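Everything below concerns the one structure shown next.
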Amino acid sequence: MSRILPVEIAVQDVAGVRTALEHGAARVELCQALGLGGLTPSIGLIEAAVAAARAAAATSFVHVLVRPRGGGFVYDADELDTIDRDIRAAVAAGADGVVVGALTDAGELDRSLVRRFVDSAAGGDVTVHRAVDASSDPIHAVESLRALGVRRVLTSGGAPDCRAGLSTLRRMAAESGELEVMAGGGVRIADIVDLAAAGVDAVHLSARGVAARGGASGPGGGVDGFDITDADLVQAAVAAAAVAMR
């Protein structure tokens, strides 16, 4: 039986959740502010996303990014309290998992905090995000996750994008054991065949387009236009993942 390469889509609204559902994505990373690398979505958005997934009878589908701000992954006590609260709230709202990560002041993966986040998730799936790529030793960071109760890691192989990190992704996938390695970071449709050949367990992309519904924002309204999930890109990614595994 052929191995299936799951496709995860980063989405910022319920329309994105529905697009991912309709076009065969395995799951979504639900977030807001992808332009900042992604931030924690509102509880209302989480509840609506969970409702959409349940209406479609999709399981293990909604995974919530928990990141209180942009600008790095070293957090103070107040930020960590917020992260814990958001993890518990997301799981209580029905999310299937959370996406988290933290570094120490020295730039190493903060394993004690990752374990704390796993405990806060109380049995929900935990994905560690690309904080591992910003760490001083991405390979060691990924290796250390196997003992922390983490389900998967999102990584570009420690490089600016998955193409530059392909050889490291191959090594991570070969040495990960039960930990799932999900390739992300600038993933293009054309990259999916190479990522599959490297042995990763899944691929992650945002499949973003831009809409301008409502016209210009006007004074104080921020930038014109907003991100949407492009159905054609989602469909193309899922099709490419299927072809890559034949």
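The values are calculated or read from the model by the stated rules, or taken from the named source; none is laboratory data. As the structure is a computational prediction, the values presented were derived from the model and not from experiment. Please note: Cβ atoms are built from the backbone with ideal geometry, for glycine as well, and neighbour counts cover all protein chains shown. Areas reflect the complete protein model, heavy atoms only, side chains present, ligands, DNA and RNA absent. Shrake-Rupley method; radii C 1.70, N 1.55, O 1.52, S 1.80 Å.
Computed values, structure above
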| item | result |
| --- | --- |
| Alpha carbon convex hull of region 147-186, projected area averaged over orientations, nm² | 2.6 nm² |
| Rg over Rh, two decimals, region 1-96 (C-alpha only, Kirkwood Rh) | 1.01 |
| Accessible surface, region 101-240, averaged per residue in Å² (probe 1.4 Å) | 45 Å² |
| Contact order normalised by residue count of region 89-190, Cα under 8 Å, 6+ apart, percent | 22 percent |
| Å² of accessible area per residue within region 1-79, as computed with a 1.4 Å probe and no ligands counted | 44 Å² |
| Compactness of the chain - radius of gyration and Dmax, Cα, Å | 17.2, 57 |
| Inter-label distance, nm, simple model (7 Å from Cα along the C-beta direction), Thr104/Asp137 | 1.0 nm |
| Simple Cβ-charge dipole of the chain, Lys/Arg +1 and Asp/Glu -1, about Cα centre, in debye nearest 20 | 540 debye |
| Burial order of peptide ranges 68-78, 168-178, 30-40 (average beta-carbon count within 10 Å, highest first) | 30-40, 168-178, 68-78 |
| Antiparallel bridge percentage (DSSP; both residues within the chain; nearest 5) | 20 percent |
| Whole-Å distance, taken between Cα centres, linking region 101-178 and region 19-85 | 18 Å |
| Contact order relative to length of the chain, as percent, for alpha carbon pairs under 8 angstrom and 6 or more apart | 20 percent |
| Heavy-atom accessible surface of the chain: percent carbon and sulfur, 1.4 Å | 51 percent |
